[in-house]
Amino acid sequence: MQGRKWWLTRRAGVIAAAAAVCMVGATSALAAGTAGPVSSTPAPTPQLNATGTTEQVRQLVQCGTTMYAVGTFTSIKQSNTIYARNNAFSFSAAAPYAMTTWNPNVNGEVNSIAFNGSNCADAYIGGKFTAVGSTKVADIAEVSTSTGAVVSGFGHTANGEVKTLAVSGGHLLTGGFFTTINGSTNKYFVSLSPSTGKDDGYLNLNISGTYGSGGTEVFNQQISHGGTLDLAEGTFLSVGGQARQQIFMLSLGGKSATVTPWTSAEFNQRCVIDESFYVRAASWSPDDQTVYIGTTGFHPLSGETNPATGLCDAAVAFPATQASVSHQWINYTGCDSFYSTAADTNDAYFGGHERWIDNPNGCDAAGPGAISAQGMVGLSPSGGAVVFNPTRARGLGADDMLITSAGLWIASDNLQGANECAKKSGHSGICFLPYS
């Protein structure tokens with residue numbers, strides 16, 4: 001979503017990133033019958049060009065036959081060709097994954113991109129920027145995918161950073177730090193008309209409350225494969241008149257979206273790092289019956305325990321039952337964070353800057369029975385055991401994971417030259433692991 005907040009962790013001096021933004025795009029939903037696992041041989045997609053500074057792909061979304069990538073970067077490399085691209089670019093979703101000419105030239109970080117159903121002629125972008133090309137905007141815009149120009153009829157003014165965008169049922173669900181957007185005084189999470197950008201009244205959640213060090217915000221969201229539910233993560237204490245901390249679920253449909261009974265007391269626990277929330281990323285199982293969550297947080301605020309307890313720095317599965325629930329399984333990294341997750345019928349995938357998994361008895365070290373699983377891992381949906389372990393360069397941490405009918409896409413960064421995925425070099429910023 002993410003731009004994004006950054007902080008120095010106390011873990012081995014690694015710079016960590018705040019969470020992944022894994023929004024659902026026009027064709028990002030899992031294809032029926034896709035079973036996995038994905039291949040451990042990555043395809044040769046475009047990558048971040050080595051510029052000497054840390055750059056990052058924040059989100060990947062497919063619309064039609066094209067992949068769209070947004071983040072914070074200045075140039076992209078494919079084979080021996082360098083393309084100047086500021087914070088947004090696109091390429092073919094099929095081999096040879098050729099770059100397109102799309103170049104909206106955004107002057108700041110783009111956290112999220114979304115499309116209105118199968119209409120791939122225009123894209124909605126949100127982040128922290130003041131211009132697209134020569135057109136002045138403020139953190140949100142609709143952009144032509146042919147010319148890169150701003151679509152003038154869509155409102156493009158928010159008074160704070162936009163973190164997450166997703167379209168559902170003709171509503172552009174928009175979350176972030178803002179307190180006004182395109183004239184609306186609804187705060188933090190607003191439904192906009194895809195044609196005008198005006199508040200269409202579909203979200204009236206009165207989100208409020210804060211804790212820790214952060215201000216109120218909606219940071220991330222994930223629409224279910226069936227399109228009837230939406231998870232949202234961020235900093236808040238009350239949503240739609242219901243007590244909710246870190247994460248809530250919406251029922252989509254009807255005249256307005258409503259907060260469902262799904263919740264857990266486990267989300268009210270605190271972790272040691274002074275951040276406002278640690279539930280940074282979530283994904284749905286293909287049948288929408290399970291929610292997978294990747295977390296930051298180091299260890300519980302009360303101190304390290306042996307074995308670990310709570311949700312800090314872990315991969316977790318919760319039932320999607322409409323009630324107050326408890327986790328089904330949890331797998332600890334040993335005080336390293338996850339920032340993204342995705343799932344198919346064979347694996348629940350998690351990405352971050354973790355070094356180990358199955359490590360409840362270690363913190364910043366491998367405890368008894370710990371498995372080395374650098375940068376990403378696939379866990380069994382039924383019990384959380386390791387079933388896929390290709391590894392990737394840790395970098396800041398995989399910022400987004402996306403399952404399409406073709407395979408698993410991973411958005412990442414080039415911190416300290418990071419470019420390895422599944423033990424192959426040349427995958428800086430984007431790694432695609434296809435289905436065999």
Worksheet entry | Shape category assigned to region 225-283 from the gyration tensor of Cα positions, a/c cut at 1.5 | prolate
Discussion item. Quick check for you: with a 1.4 Å probe and neighbouring chains kept, what is the accessible area per residue of region 90-163, in Å²?
Written reply: 36
Response to the item:
With the 8 Å Cα cutoff and a minimum separation of six or more residues, region 32-98 has a relative contact order in percent of 30
Practice prompt. Over 27 Å between C-alpha atoms is what I'm after, so list which of 77/198; 128/187; 136/198; 187/255 land there.
Written response: 77/198
Response to the item:
Whole-Hz Karplus couplings 3J(HN,Hα) for region 277-294, θ = phi - 60° and coefficients 6.51, -1.76, 1.60, Gly and Pro as x, run 7, 10, 7, 9, 8, 8, 8, 9, 5, x, 8, 6, 8, 9, 10, 9, 10, x
Worksheet item: Could you give the alpha-carbon Rg of region 233-374 over 2.2 N^0.38 Å, rounded to two decimals?
Response: 1.06
Discussion item. Once each part is reduced to its C-alpha centroid, what is the distance from region 68-123 to region 173-238 in angstrom?
Written reply: 25
Item to complete: Hey, can you grab everything whose amide H is under 5 Å from the amide H of residue 59? Only 5+ residues off in sequence or another chain; H modelled, so Pro and N-termini drop out.
Response: 70
Discussion item. At 1.4 Å probe size, what's the solvent-accessible area of residue 101? Round to the nearest 10 Å².
Written reply: 120
Item to complete: Starting from the exponent 0.38 and prefactor 2.2 Å, build the expected Rg for the chain from its residue count and divide its actual Cα Rg by it.
Response: 0.89
Discussion item. As an exercise, use a Förster radius of 41 Å and the Cβ-Cβ distance of residue 436 and residue 208 to find the FRET efficiency, rounded to the nearest 0.05.
Written reply: 0.25
Worksheet item: What full-extension length gain, to one decimal in nm, is calculated for residue 40 and residue 98 as 0.36 nm per residue of separation minus the Cα-Cα distance?
Response: 18.7 nm
Worksheet item: For region 346-404, what does the alpha-carbon gyration tensor say about shape, rounded, prolate or oblate, given a ≥ b ≥ c as the root eigenvalues, a/c under 1.5 as rounded, and a/b over b/c as prolate?
Response: oblate
Practice prompt. For region 314-324, just list the computed ³J(HN,Hα) in residue order, Karplus coefficients 6.51, -1.76 and 1.60, θ = phi - 60°, integers in Hz, with x standing in for Gly and Pro.
Written response: 7, 9, 9, 10, 10, x, 8, 4, 7, 6, 6
Discussion item. Using a 1.4 Å probe on the protein heavy atoms, what percent of the accessible area of region 33-72 belongs to carbon and sulfur?
Written reply: 50
Worksheet entry | In sequence order, calculated HN-Hα J values of region 339-350 (Karplus, 6.51, -1.76, 1.60; Hz; x Gly/Pro) | 10, 7, 7, 8, 8, 10, 6, 9, 9, 10, 9, 9
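The values are calculated or read from the model by the stated rules, or taken from the named source; none is laboratory data. What you are looking at is a predicted structure, and each value in this text was computed from that prediction instead of being measured. Quick reminder, even Gly has a Cβ in these numbers, built from the backbone with ideal geometry, and neighbours come from all protein chains shown. Only protein heavy atoms, including side chains, enter the accessible area calculation; ligands, DNA and RNA are left aside. Shrake-Rupley method; radii C 1.70, N 1.55, O 1.52, S 1.80 Å.
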